[in-house]
1. Is there any pair with a first residue in region 14-42 that is under 14 Å from residue 126 (Cβ atoms) and assigned to a loop (DSSP other than H, G, I, E, B) and a second that is open to solvent by 40 Å² or more (accessible area, probe 1.4 Å) and modelled with pLDDT of 60 or more whose Cβ atoms are under 8 Å apart and which are 6 or more apart or on different chains, and what are they?
2. If you go through region 146-179, how many residues are open to solvent by 70 Å² or more (accessible area, probe 1.4 Å) and in contact with a strand residue (DSSP E or B) (Cβ under 6 Å, 6 or more places away or on another chain)?
3. List the number of the failed condition for residue 18; all other conditions in (1) at pLDDT 75 or above; (2) open to solvent by 70 Å² or more (accessible area, probe 1.4 Å); (3) within 18 Å of residue 141 (Cα to Cα) hold.
4. Could you list, in sequence order, the residues of region 190-210 that are surrounded by 20 or more Cβ atoms within 10 Å (Cβ to Cβ) and either in contact with a Lys or Arg (Cβ under 7 Å, 6 or more places away or on another chain) or in a helix (DSSP H, G or I) (or both)?
5. Could you check region 43-81 and list, in sequence order, the residues that are of a type in the set (Ser, Thr, Tyr) and open to solvent by less than 20 Å² (accessible area, probe 1.4 Å)?
6. How many of the residues making up region 272-329 are among the aromatic types (Phe, Trp, Tyr), free of Cβ contacts under 8 Å to residues at least 40 places away in the same chain and touching an Asp or Glu at 6+ places or on another chain (Cβ under 8 Å)?
7. From the residues in region 84-111 that are within 30 Å of residue 54 (Cα to Cα) and among the hydroxyl-bearing types (Ser, Thr, Tyr), which one is surrounded by the fewest Cβ atoms within 10 Å (Cβ to Cβ)?
8. For residues in region 255-289 being polar (S, T, N, Q) and part of a loop (DSSP other than H, G, I, E, B), which is surrounded by the fewest Cβ atoms within 10 Å (Cβ to Cβ)?
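The values are calculated or read from the model by the stated rules, or taken from the named source; none is laboratory data. Because the structure is a prediction, the values reported are computed rather than measured. So basically every Cβ, Gly included, is an ideal-geometry build from the backbone, and we count neighbours across all protein chains shown. Surface accessibility is based on the protein's heavy atoms, side chains included, excluding ligands, DNA and RNA. Shrake-Rupley method; radii C 1.70, N 1.55, O 1.52, S 1.80 Å.
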Amino acid sequence: MGYSIGCTVILLSAVWLTQTDAVFDVWLAPTQLKYGLTESFYVNCSFERGPSSNMIKPLVLTIQRKTLFDQDFKNLATIDNSAGGHVTVVTTDDVKTAAVINENDVSFLSLTWRFPIELQAGAYRCQARGLDSSNGLVVLEKEVSVTGTFPATDLLVNKIVELDIAARQREDALLYEIERLERRLSITKNVLFAEAFTFNTKTYYLSRVHFNTEDEAIAACSVFGGYLAELNNADEHLALTRHLQETLGSSLGGAIDAVVVGGSDEMRENQWVFQYSGRPVTYTDWAPGEPNDGNLYNCLALWRMSNFKYTDFPCTNANYRALFVCETI
């Protein structure tokens, strides 16, 4: 007779077997479904060749099902060795598959459903097709059944209550964790930054820690949803200058030389752009003689000794005592 595998037709004789020394089995769990309560249901079909198995080369594993609404078994999924071990899922069920087909080891096909419904109850058949030593077709089949029931109303109500309590507990635990992280974030923020001030719609944070590198400053700002302050006009510059004059007159300031803000001409000398937005810097108020350090100083800062007018500044700083300002919207 002719047996079609994929697109290849092989002439062979068919032998239908129900028992062999091969380990061939199908099992499922649980064996009884409680609709609405059973969280997971799986069916597993497996074949392992024995020392004197009739089937020496497994080709196809198939799981079929016959529900209370069906007269015949219908294919659910198949793994086919001739198709490179590809799994074909025929059923429209929301099911997850796991499978492998191996001539020298265990072959299996497994289906898993989450919260099975009435459609998943019924008989399941595992079918293994392969070749014997004479290239004859060998077919193994085995069946197992699962029943289903609708739980009593009180069980469903109790389950709903149980799930509601579990959901509330998880929500409480999540809220607690969020609050804990927010407290830690707030503490970290207070360590890194002085008290904020607001101008128009923006909030500015002056760092307590010194400016070491451009990347570190940008990273510190981004942790709190901000970026190096982008000063767009004289009013914004004046507001920040007044805040710096007040703040750096306190113990926070100490002997500070400069405060770094957004702006870099690293890509092209004297063409300043903001690192965050990528927009050109259209407003500047340079201190006398600035900018004056060419390719060495590619960041932008407000120089304290010139009443916080603009100066070019090294993006990697080891020589100056500098802070930096972050901005959020």
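1. 18/141; 18/142; 20/54; 22/48; 22/49; 22/54
2. Final tally of qualifying residues: 1.
3. (1)
4. 193
5. Passing the criteria: 46, 53, 62, 67.
6. Qualifying residue count, region 272-329: 3.
7. By that ranking, first place goes to 88.
8. Of everything passing the filter in region 255-289, 270 is surrounded by the fewest Cβ atoms within 10 Å (Cβ to Cβ).
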